[in-house]
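Working notes for the structure below.
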Amino acid sequence: MSASLTLVVAMAVMYAAGVYVMLERSLTRVLIGFLLVGNATNLLVFIMSGRPGNAPIVTGTPADAAMVDPVPQVLMLTAIVINFGITALILALIYRSWWLARLGDEGDTVTDEHAAETVESTEKSFRSVTDDDAASQEDLDASEREHGNEHADDRGDPARAPGEGRDR
Amino acid sequence: MNVLVPLVVAIPLLGSALTLALGRRRPQQIIVSVLALTLVAAISTALLVQVDQNGPSVVHVGGWQAPWGIVLVVDRLSAIMLLVSALMLLGVLLFAVGQGIVDGDAETPVSIFHPTYLVLAAGLFNAFIAGDLFNLYVGFEMLLSASYVLLTLGGTGARIRVGVTYVVVSLVSSVLFLSAIALIYGATGTVTMALIADRVADLPPDVQLILNLLLLLAFCVKAAVFPLSFWLPDSYPTAPAPVTAVFAGLLTKVGIYAIIRTQTLLFPESQLSVPLMVVAFLTLIVGILGALAQADIKRLLSFTLVSHIGYMIFGIAMGTPLAIAATIFYVVHHITVQTSLFLCAGLIERVGGTTSLARLGGLLKAAPFVAFLFFVGALNLGGIPPFSGFLGKFALFQAGAELGGPLSYILLAAGAATSLLTLYALARVWNIAFWRSTDEVEAYESPMLDGLLEDPDDHGTVKTRTISPLMTGATTALLALTVSLTLFAGPVFALTARAADNIEQPATYINAVFPDGSP
């Protein structure tokens, strides 16, 4: 079995960097570490497919002998999909822990905005698409006006509490 | 009959989709998930009977023959695991439903509970019937992703904090597992377990050792084998009681199942028996010493969970037919008893408002039936004759004595000590939480409470809540199952012995997958 040295080196560097970053305290860095390590593993699977060759499409001609092994590519695809899902979940966890960290102990006692909802009230609260379009158009207009008037407010207020961003 | 095999994964997945669609209609959701798990339990029973009589059941998914297609294999071990886990999942689901009904579903966003729970079930069943390593990996990932969601249900601070640890640890073990699969594919050119088993003997011994170690490392994190068990006692107790129960009972046992497959099917000539014995010893002792220091019942039970994993690793390390049979019996016993004890802890939490020993008292009067349930479970876990905990340990010790050798005898001693210390830890819970009367709780002094560690996330006593008959009913049913393991120990042990026979002869498994000889 032969393998491309470039791929092996890339894999090794990604593993090393990934593990190093994963050991940080910050969750976003842990996520980056996981992404690096996960992709390094995908590369490892790919390297294990052996020599390079033609695309694995069976045509029934003698050229098929030069075909690359398709199985590792299938495994990689599956692993990529799984990593994608997990990444989304970790991002949600990171957002939630950031939210709790900002609010401290009160993070748990913030009243649930959905607490009083019933099935009927929720269904009533769904707005029609035209309403939504109108509202976003309004927002756009407002922000354009603001933009034209004042440039000082562009950066927004960094000390803004995280809850405000979630208001509808 | 073979058509039943894929159904054990397909039914929970379909159920999951249905419950997701029925997100706002709670009663229908409950009916769908209960129905799905009941169906799987029935199918597992049928499979067990069939496999026991006719040998392993093999399905080539989509008609693609192994090693090109995905192959699903159910032998006796898989069928036993399927049946036990289906029954556990069903019991815990009923408990959760009972709790949800009493609480008016206000506490947790339960509309996501049923779909996630069914995905967990599907992943679990998929892992048990997987005939190739990559499908096993997919099963693991399914159940782990579902477990991440269940563990952080509600998204409270404590759950997010431990959830992150749990997720990161599980991810690292998954990455290790995938790397192991990649390297095994590179070495043998296949991921079908039967074919790997056939080819691995031709590899140089050092390559075999590396592959074996890498797989074991990944599975030992999942099975919580010392020193890779540090994450478990922190993460499990924070989840809602039914979730903890199902995690404690089943998730670690999937790891054990995978280790059994690795050590008996893939690497039967493994040289790792001695290192496995050493980690089994450390798991037993360190785990139970941790349990002794806990004031919180749920944390205490988590430590006994880690500790008792050591018994199973001991059995796998010995590898004799009797040892494997005893291990399978012990796995079945431990799944049922640990799940029901965690459900008892859930009941205690509702009656007493806390699970901390320092603040519990008078439960014997307040809830005599819960006391009875806990007592039976505790005796069973502690290994008091005639319960199945005793029988499982006895069979293990017998296998150990037959094997002989100093290491084996040291482990026998450690096993006996662990059993006694488990009993001590649980008797202390009994004495303090159940026997002590309520008015003694203030200014109570006892050597039994000295130096105990409280749960770091403990928020004091919360208001007590009522228990619904469904919750006690589910717990009682699971405990009755553990007791029936004692009553029917003869037939059950005979079954596990036949399962061990299968396992001792990997040729049975290989021939079932490749009836015309391996390619």
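Rule-based calculations on the coordinates, nothing more; no lab input. Computed from a predicted structure; not experimentally measured. Glycine also receives a Cβ, built like all others from the backbone with ideal geometry; neighbour counts cover every protein chain displayed.
In the range B:157-256, Cα pairs under 8 Å separated by at least six residues give a relative contact order of 35 percent. Other protein chain C-beta atoms within 10 Å of residue C-beta, averaged over B:129-135: 1. The HN-Hα couplings worked out from phi for the range B:413-426 by the Karplus form 6.51 cos²θ - 1.76 cosθ + 1.60 (θ = phi - 60°) are 4, 4, x, 5, 4, 4, 4, 5, 5, 4, 4, 4, 4, 6 Hz, whole numbers, x standing for Gly and Pro.
Annotation: amide H of residue B:293 has no partner in the under-5 Å range at sequence separation 5 or more or interchain, hydrogens built in the peptide plane.
Residue by residue along A:27-34, Cβ atoms of other protein chains within 10 Å of the local Cβ number 2 on average. Sorting B:201-209, B:329-337, B:229-237 by their mean Cβ neighbour count within 10 Å, with the most densely packed peptide first, gives B:329-337, B:229-237, B:201-209.
Each residue, residue A:136 and residue B:416, gets one label point 7 Å from its Cα in the Cβ direction; the gap between the two is 7.4 nm. Pairs of Cα atoms nearer than 8 Å and 6+ residues apart set the relative contact order; for chain B it is 17 percent. Spatial offset of the range A:7-31 relative to the range B:59-86 amounts to 36 Å, using the alpha carbon center of each.
Close amide H contacts of residue A:53 (hydrogens built in the peptide plane, cut-off under 5 Å, sequence separation of 5 or more or a different chain): A:68. Note on residue B:206 and residue B:384: with the Förster distance fixed at 51 Å, the Cβ-Cβ geometry gives a FRET efficiency of about 0.65. The distance separating the Cα centre of the range B:266-304 from that of the range A:48-86 comes to 41 Å. Between the C-alpha center of the range B:22-42 and that of the range B:187-238 there is a gap of 35 Å.
When you look at the Cβ of every residue in B:184-197, what mean number of other chain Cβ atoms sits within 10 Å? Let's see the in-between values first.
Working: counts 1, 9, 9, 2, 0, 5, 1, 4, 0, 0, 0, 0, 0, 0.
Whole-number average of other-chain Cβ neighbours for B:184-197 is 2.
Sequentially through the range B:361-376, phi angles give Karplus couplings (6.51, -1.76, 1.60; θ = phi - 60°) of x, x, 6, 4, 7, 5, 9, x, 6, 4, 4, 4, 4, 4, 4, 4 Hz, Gly and Pro residues having no value and appearing as x. Amide hydrogen proximity for residue B:132: with H placed 1.01 Å from N in the peptide plane, the residues at 5 or more positions away or on another chain lying under 5 Å are B:71, B:193. Over all other residues within a Cβ to Cβ distance under 13 Å of residue B:501, the charged ones net out to -1, with Lys and Arg as +1 and Asp and Glu as -1.
Shape verdict for the protein assembly as shown, please, from the Cα gyration tensor: rounded (a/c under 1.5), prolate (a/b greater than b/c) or oblate. Taking the square roots of the gyration eigenvalues as a ≥ b ≥ c, the protein assembly as shown is oblate. Sorting the segments A:19-26, B:64-71, A:33-40 by their residues' average number of neighbouring beta-carbon atoms within 10 angstrom, most packed first, yields A:33-40, B:64-71, A:19-26.
Dividing the mean sequence gap of close Cα pairs (under 8 Å, 6+ apart) by how many residues the range B:272-487 holds gives a relative contact order of 31 percent. Compute the label zone of residue A:91 within the range A:12-30: residues whose backbone N is under 18 Å from the point 7 Å along Cα-to-Cβ. Counting only backbone N, you get A:27-30. What the phi angles of the range B:395-409 give under the Karplus curve with 6.51, -1.76 and 1.60, with θ = phi - 60°, is a coupling list of 5, 4, 5, 4, 4, x, 5, 5, 5, x, x, x, 4, 5, 6 Hz, glycine and proline written as x.
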